[in-house]
Amino acid sequence: MIFNTRVVEPSKPFADKANLKRAEHTALLKSAETSYEDHWAGLAKNNLVWKKPFTVPMKWNPPFVEWFCDGELNISEQCLDKHLNGSTAQKTALIWEGEPCDDLQPCERKTFTYAELHAEVCAFAEGLQRLGIKKGDRVALYMPMIPEAVISMLACARIGATHTVVFGGFSAESLRDRIIDAQAKCVITANGGFRRGKILPLKVAVDKAVSECPCVESVVVVDRLGETAESAYRNSKSAFTATQMHSGRDHWYSKCKIAGSTLAAAALPAEHPLFILYTSGTTGKPKGVVHGTAGYALWTNLTCRWVFDIQPDDVYWCTADIGWVTGHSYVVYGPLSTGATVYMYEGAPDFPDFGRFWRCIEREKISIFYTAPTAIRAFMRQGNQWPQSSNLSSLRLLGSVGEPINPEAWEWYHATIGSGKCPIVDTWWQTETGGVMMSPLPGITPLKPGSATRPLPGIAVEVVDDNGIPVPRGSRGKLVITKPWPSQLRTVHGDPERYKNTYWSTFAGPAGAVKEPYYFTGDGAFKDADNDIWVIGRVDDVINVAGHRIGTMEVESALVDHSSVAESAVVGVPDSIKGTSIYAFVTLKNEVKQMAGWNDVKKQELARELISHVGGIIGSFAKPDHIRFTDSLPKTRSGKIMRRLLKDVATGHESLGDTTTLEDVSVLASLRQSSDDE
Ligand code: PRX
């Protein structure tokens with residue numbers, strides 16, 4: 001087993017001043033160990049504002065859990081109202097920067113104090129109510145990274161509507177499927193957003209999607225391209241198309257707001273579903289991961305204070321899009337609940353050039369910066385001149401999320417961005433976990449480049465074999481969570497069986513070594529000699545491309561949706577920037593191969609067409625990087641595609657392991673032949 005053993009000792013300033021000090025950390029580990037329910041009950045009492053206090057800490061009816069369930073609260077109150085009584089009311093809650101920016105025009109910049117953000121949220125929450133949105137209704141968001149996205153999430157939460165944010169990079173079809181699955185009554189969008197100098201045609205996609213969604217009664221549209229962005233819009237050279245508003249269904253966001261509203265946050269049960277977020281699994285259909293209110297509010301707040309050490313004078317920047325869970329937990333709910341100043345940027349890291357992020361950090365004096373290894377590797381490749389052209393001395397803590405960070409990227413991030421003085425918190429977690437589960441703690445945990453180190457206090461993680469027995473240190477196993485935790489997903493929307501089967505059936509208990517079911521993460525990992533955990537990556541048919549989770553089956557279904565394709569099999573192969581890239585093997589229908597004039601040029605054209613077809617069905621981020629046409633796919637005698645062999649072919653590995661179950665060994669030879677040809 002190869003791993004980097006360099007250890008960076010905890011930094012002294014953090015040990016002295018961090019929110020979480022060593023003694024408290026030790027006490028928390030102990031209380032979680034000795035009295036699990038009381039441990040969490042104490043934290044929930046002290047760190048959340050309750051409208052009605054809870055008396056029952058936890059109800060565990062495996063695999064379904066409820067936390068603090070007879071209490072009532074509202075997460076928008078934790079993020080806004082809680083801050084209004086003292087000086088935080090006038091503190092900047094949100095700094096937003098638009099993407100359009102060149103020598104002629106300064107970047108668009110908006111700020112909101114906590115009092116202003118509260119007013120905006122109340123105004124829109126009341127507007128949503130007037131549109132007929134009630135507690136328990138679902139509202140879909142398909143938005144660019146603009147303040148109205150944050151306001152919309154908080155406004156939904158304020159009235160008890162469950163939001164489902166769909167990343168703006170998803171196609172109209174993916175949006176439609178999510179709206180239908182969630183049975184969303186309303187969609188909030190914008191007439192565009194800026195990304196890498198181009199306009200995202202969000203409203204056009206919404207119109208296409210909603211035309212097939214009878215559940216949608218209203219669409220609210222933020223005028224992102226209107227007055228304020230007019231010149232940027234012209235400069236983007238995108239073709240002008242006036243926003244089409246469907247009368248009776250579509251409403252401008254600005255017209256919906258009820259100015260001067262002080263709408264009180266609804267008292268919601270602790271378990272009230274705050275949001276549904278769709279994520280890829282091992283089947284073609286994404287799962288609607290459901291999160292509740294209180295447990296999620298508690299853990300996102302605590303992890304912001306413990307892991308990111310957010311302090312009153314920090315300016316905090318998490319670069320994730322709000323369409324992903326990292327955006328939910330660490331752009332919106334967690335940091336705002338701590339009263340932080342949150343910086344938010346609309347666009348791409350390389351627009352207009354690779355210096356953009358570093359200029360933002362210098363200008364806004366960002367002190368905490370949280371991003372993904374893919375971005376770090378992309379910056380690293382561009383050279384040090386970009387970060388070195390900006391003054392990054394305001395930074396005091398760096399974070400990494402979404403995929404394993406390779407030690408080389410870690411070292412570059414540490415030395416070049418953090419000047420060797422900023423701890424890096426490598427945070428391991430998932431859409432399903434709601435918040436960070438494993439991470440070094442600044443000032444407490446020694447850092448190891450490439451390891452997320454230890455679980456946080458209260459989180460019970462283990463690396464086990466297929467029988468649920470912990471594997472020896474140094475051996476690979478499956479990463480499981482052995483006890484329920486407050487911010488865990490509650491179910492899969494509309495499909496509790498799938499929730500059970502996906503997460504709780506691999507280590508189901510009570511048979512064998514496992515007394516209660518373990519939550520299976522889908523990740524492989526090992527523990528090193530110090531008991532620190534190294535997450536290796538997915539062990540199921542999910543691949544992590546540039547930090548985006550994609551089910552191989554989703555891509556395969558999109559490929560076979562094309563009229564020329566008979567069969568396809570998708571595997572992930574290592575990529576120096578994206579971590580993993582998508583490699584698709586495709587067999588074509590006979591009539592295509594027998595077509596007159598079928599040649600290499602036609603093949604290449606079709607490959608390009610298939611790539612864009614997948615983009616159209618799922619979204620651009622899921623486009624295959626490689627397409628290989630083949631006459632057949634290696635299958636077992638029972639007809640299962642042997643992906644392991646395909647991966648070997650795709651990566652050019654010779655050692656093909658056991659092929660005795662292969663139905664037709666000649667398939668492999670022909671695959672090898674075709675790979676040699678290309
Ligand atoms: O494989 C793990 C990887 O990302 C998966 C979760 O993806 P998603 O639900 O999209 O959430 C991403 C943001 C939390 C995990 O199963 N992953 C996430 N963080 C890390 C990681 N792998 C290694 N190290 C990490 N720090």
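Give me the residue from the range 520-534 that is within 9 Å of the ligand (Cβ to nearest atom) and touching a Phe, Trp or Tyr at 6+ places or on another chain (Cβ under 7 Å) and, out of that set, most open to solvent (accessible area, probe 1.4 Å).
Here the residue is 534.
Does any residue of the range 76-83 turn out to be closer than 25 Å to residue 267 by Cα, in a loop (DSSP other than H, G, I, E, B), open to solvent by 50 Å² or more (accessible area, probe 1.4 Å) and modelled with pLDDT of 95 or more?
Scanning the range 76-83, I find no residue that is closer than 25 Å to residue 267 by Cα, in a loop (DSSP other than H, G, I, E, B), open to solvent by 50 Å² or more (accessible area, probe 1.4 Å) and modelled with pLDDT of 95 or more, so the answer is no.
Do you know which residues across the range 297-329 are assigned to a helix (DSSP H, G or I), more than 11 Å from the ligand (Cβ to nearest atom) and open to solvent by less than 10 Å² (accessible area, probe 1.4 Å)?
297, 298, 299, 300, 301, 302, 303, 304
Condition check: of a type outside the set (A, V, I, L, M, F, W, C) and crowded, with 19+ Cβ neighbours inside 10 Å. Does residue 537 satisfy that?
No, not satisfied.
Anything in the range 550-579 that is charged (D, E, K, R), over 25 Å from residue 382 (Cα atoms) and not in a loop (DSSP other than H, G, I, E, B)? List them, or say none.
Listed by number, the residues that qualify are 554, 556, 567.
Before we move on, is residue 263 touching a residue at least 12 places away in the same chain (Cβ under 8 Å), within 16 Å of the ligand (Cβ to nearest atom) and buried (at least 16 other Cβ atoms within 10 Å of the Cβ)?
So residue 263 does not fit the description; no.
Out of (1) at pLDDT 95 or above; (2) buried (at least 19 other Cβ atoms within 10 Å of the Cβ); (3) more than 30 Å from residue 394 (Cα to Cα), the odd one out for residue 280 is which?
Here residue 280 clears every test but (1).
Please work out if residue 480 is among the β-branched types (Val, Ile, Thr) and either more than 16 Å from the ligand (Cβ to nearest atom) or open to solvent by 10 Å² or more (accessible area, probe 1.4 Å) (or both).
No.
Hey, among the residues in the range 330-347 that are over 17 Å from residue 109 (Cβ atoms) and part of a loop (DSSP other than H, G, I, E, B), which one's farthest from the ligand (Cβ to nearest atom)?
Result: 339.
Can residue 500 be described as more than 10 Å from the ligand (Cβ to nearest atom), of a type in the set (D, E, K, R), in a strand (DSSP E or B) and open to solvent by 30 Å² or more (accessible area, probe 1.4 Å)?
Taking the combined requirement at face value, the residue does not satisfy it.
Please go through (1) buried (at least 21 other Cβ atoms within 10 Å of the Cβ); (2) under 18 Å from the mean Cα position of the chain (by Cα) for residue 285 and return the number of the only condition it doesn't satisfy.
(1)
Being buried (at least 18 other Cβ atoms within 10 Å of the Cβ), assigned to a loop (DSSP other than H, G, I, E, B) and under 27 Å from the mean Cα position of the chain (by Cα) is the filter here; which residues of the range 622-654 pass it?
Residues satisfying the conditions are 623, 624.
Go through (1) under 21 Å from residue 641 (Cβ atoms); (2) free of Cβ contacts under 8 Å to residues at least 40 places away in the same chain and name the single condition residue 563 misses.
(1)
The values are calculated or read from the model by the stated rules, or taken from the named source; none is laboratory data. These figures come from a predicted structure and were not determined experimentally. Cβ: placed from backbone, ideal geometry, glycine included. Neighbour counts: every protein chain shown. Note: areas computed on protein heavy atoms with side chains; ligands, DNA, RNA excluded. Shrake-Rupley method; radii C 1.70, N 1.55, O 1.52, S 1.80 Å.
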